[in-house]
Amino acid sequence: MGANSSSISELPENEYLQKLSGSEPISENDPFWNQLLSFSFTTPTNSADLKLLEEATISVCKSLVEKNPRTGNLGSLIKVFLSRTKELKISAECQNHLFIWQAHNALFIICCLLKVFISRMSEEELQLHFTYEEKAGPSSYGAECEDLIEELLCCLIQLIVEIPLLDITYSISLEAVTTLIVFLSCQLFHKEILRESFIHRYLMHGRCLPYTSRLVKTLLYNFIRQERSPPPGTHVFQQQTDGGGLLYGIASGVATGLWTVFTLGGVGSKASAQLEQCSPLASQSLLLLLVLANLTDTPDTPNPYRQAIMSFKNTQDNTAFSSSNPHAFQINFNSLYTALCEQQKSDQATLLLYMLLHQNSNVRTYVLARTDIENLVLPILEILYHVEERNSHHVYMALIILLILTEDDGFNRSIHEVILKNITWYAERVLTEISLGSLLILVVIRTIQYNMTRTRDKYLHTNCLAALANMSAQFRSLHQYAAQRIISLFSLLSKKHNKVLEQATQSLRGSLGSNDSPLPDYHFWEMSDCLHFSETKLRHAQDLNVIEEVIRMMLEIINSCLTNSLHHNPNLVYALLYKRDLFEQFRTHPSFQDIMQNIDLVISFFSSRLEQAGAELSVERVLEIIKQGAVALPKDRLRKFPELKFKYVEEEQPEEFFIPYVWSLVYNSAVALYWNPRDIQLFTMDSG
């Protein structure tokens, strides 16, 4: 026990932790802090280890919560940390481990304590723990410590943006990012969106505000660089065997402290396979960036972090910055693009891509001008293809990204010029060679079909169809299988329509009390008829309305392709002719008559030419006739319709969606952070 404690179970009785959480005030100049902070450990990196640590130290934290307003020991610890950080930059440059080591340990303890404090008390109570004033005199805290929180926040930001990222500073940089997330985690414990928070005010005003663009830029570069965690133990002093104990080469008078070697896996132990394959700092930096970007605006100040994300430019862009935005900066777009392409398997990277495309016109213009756009689009398509394995939010973000990209005609043309070989993750059919455009169509149609049979999410349908509609006028050289799937989807919708129509008709007959009396055409029913419906019968009517909206959109997509690029798409005409009977029932349908005129004209024209060519034609011969006929088709007979164009617009109060989403990502993905699921209020926990 004592200085050589190394077991988690012994932590509650550890003399240093007991003194920290005890009834006696500890001055920031007390030698105790050197003893407390002279420990070495491998930072916990998974929720299981962190849960063990939190459960072992909860009694210490509770005691500190109770006694700190009288002792001010949390404030003393913070002041000790602040004093250590003054030497960090020089220490990093000189490879001096001592200050970095102790500053990291201080920050780790502060972060652990803050996490418990924030989860257990209101903001007003939390502020009281930072405003202690020693009763013996004004020399300790006094007025200068009224803004100790702001001083700590500002120090953390300075640490992130100013300390060079080296092996010996990696852990403290990660801890600084983590502590900022913890400071903002009060949102987790409120069901409503926090619009007024003193932490938000500190970060968006005062001393922290001038660092806005530097912080956003640093967090982005942390994400871009994906620096791996250095080998465990890199940031600590070399251990030396001396008799039966472990000593560290520390300045004279510093004891071995809290515990000699505290391990959750062990100093020098092999890192987990997950950590070997990713960058904890990159992952944590991205989460902090998403949290900051989604802070709500205050009445007098728009969110400066979102302003910075909306306005940063490429390092090769020499145009002047707008004077209206003081938070703009420059970053290497090529490096950013590469990182975005490589990291799309994570929700948070997809969410970042969405934010940049939607909010930063400089990034959007750059991405759309890339000649290797497939490197970005393919990972997005793979997310949609594996829809069963993804959460709905990730699928939404991927789909909206496609919708934003398809708003650009240049994108819609270029994707049909990119030829892909052997798409191994597409399992329905071997695709040895296909254009990016045709693959995009296949994946979006598959998403629609999955949604029809499983989730029945109208929002998902709408965005899928909007993306197809945006592309439809630019369809070029559609792959045979893509053309077939377009018509197959229409066939599925047609069958669904007939089934719902039959159910609705039976419901109306039942409500009228007769199975024999004639009914008016379903599509001419008056509202008075609907008033007879039960809730179930009304749902049938609503289902029919939804399915007819989708059918209408599919017909418009087919029509758009036929009227704008029929001669480029013989495979679509072939598929249309092969399934021509599908369209018979919609010719006289009042909801589709207008759009069916063009499709009917095309079917009739090419059917006639095929009949003239004789029976039992080969596929090759049919395609040849279609190509010849495309030149002869009288285009002036095709009715003109408005161009199909859909633009993504965020719904009102987007924070109601994005803030819970971002914090769910933090809860599930953050490195070295654990919260008790029973305490979470912001979103519903899938499991306890």
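Listed by chain and number, the lysines placed with their C-alpha closer than 16 angstrom to that of residue 579 are 495; residues fewer than eight positions away on the same chain are left out.
Of the whole protein surface, residue 23 contributes about 80 Å² of accessible area at a 1.4 Å probe radius.
Counting Lys and Arg as +1 and Asp and Glu as -1 over every other residue whose Cβ lies under 14 Å from the Cβ of residue 328, the net charge comes to +3. Segment 593-688 has equivalent-ellipsoid semi-axes of 59, 20, 12 Å, by the square roots of 5 times the alpha carbon gyration tensor eigenvalues, sorted largest first. Annotation: amide H of residue 330 within the under-5 Å range of 313, sequence separation 5 or more or interchain, hydrogens built in the peptide plane.
Remark: the Cα gyration tensor places segment 632-688 in the prolate category, a/c being 1.5 or greater and a/b exceeding b/c. Surface listing: 217, 345, 89, 313 arranged by accessible area from highest to lowest gives 345, 89, 217, 313, probe 1.4 Å.
Expressed in units of 2.2 N^0.38 Å, where N is the residue count, the Cα radius of gyration of segment 362-473 is 1.02. Based on the reciprocal of the average 1/r between different C-alpha atoms, the Kirkwood radius for segment 272-427 equals 17.1 Å. Only protein heavy atoms count here; under a 1.4 Å probe, residue 342 has an accessible surface of about 130 Å². The listed residues 683, 657, 329, once ranked by accessible area (1.4 Å probe) with the largest placed first, stand as 657, 683, 329. Cα to Cα, under 13 Å, and not fewer than 8 places away if on the same chain: which aspartates and glutamates meet these conditions relative to residue 647? Within reach: 407, 408, 409. The share of Cα pairs per 10 Å bin across segment 17-101, counted from zero up to the longest distance, runs 16, 37, 36, 12, 0 percent. Within a straight-line Cα-Cα reach of under 16 Å, residue 51 can be paired with the following aspartates and glutamates, leaving aside sequence neighbours fewer than 8 residues apart in one chain: 10, 679.
Heavy atoms only, probe 1.4 angstrom, no DNA, RNA or ligands counted: give me 679, 317 ranked by accessible area, highest first.
In descending accessible area the options line up as 679, 317.
For the listed residue pairs 67/115; 62/86; 496/645, the alpha carbons are over 22 angstrom apart in 62/86; 496/645.
The label-point distance for residue 323 and residue 62, in a model that sets each label 7 Å from Cα toward Cβ, rounds to 6.0 nm. Can you classify segment 79-130 as rounded, prolate or oblate using the Cα gyration tensor, where a ≥ b ≥ c are the square roots of its eigenvalues, rounded means a/c under 1.5, and otherwise it's prolate if a/b beats b/c and oblate if not? In terms of gyration-tensor shape, prolate.
The values are calculated or read from the model by the stated rules, or taken from the named source; none is laboratory data. Just so we're clear, the structure is a prediction, and the values are computed from it rather than from any experiment. All Cβ positions, even for glycine, are placed from backbone atoms using ideal geometry, and neighbour counts span all protein chains on display. Surface accessibility is based on the protein's heavy atoms, side chains included, excluding ligands, DNA and RNA. Shrake-Rupley method; radii C 1.70, N 1.55, O 1.52, S 1.80 Å.
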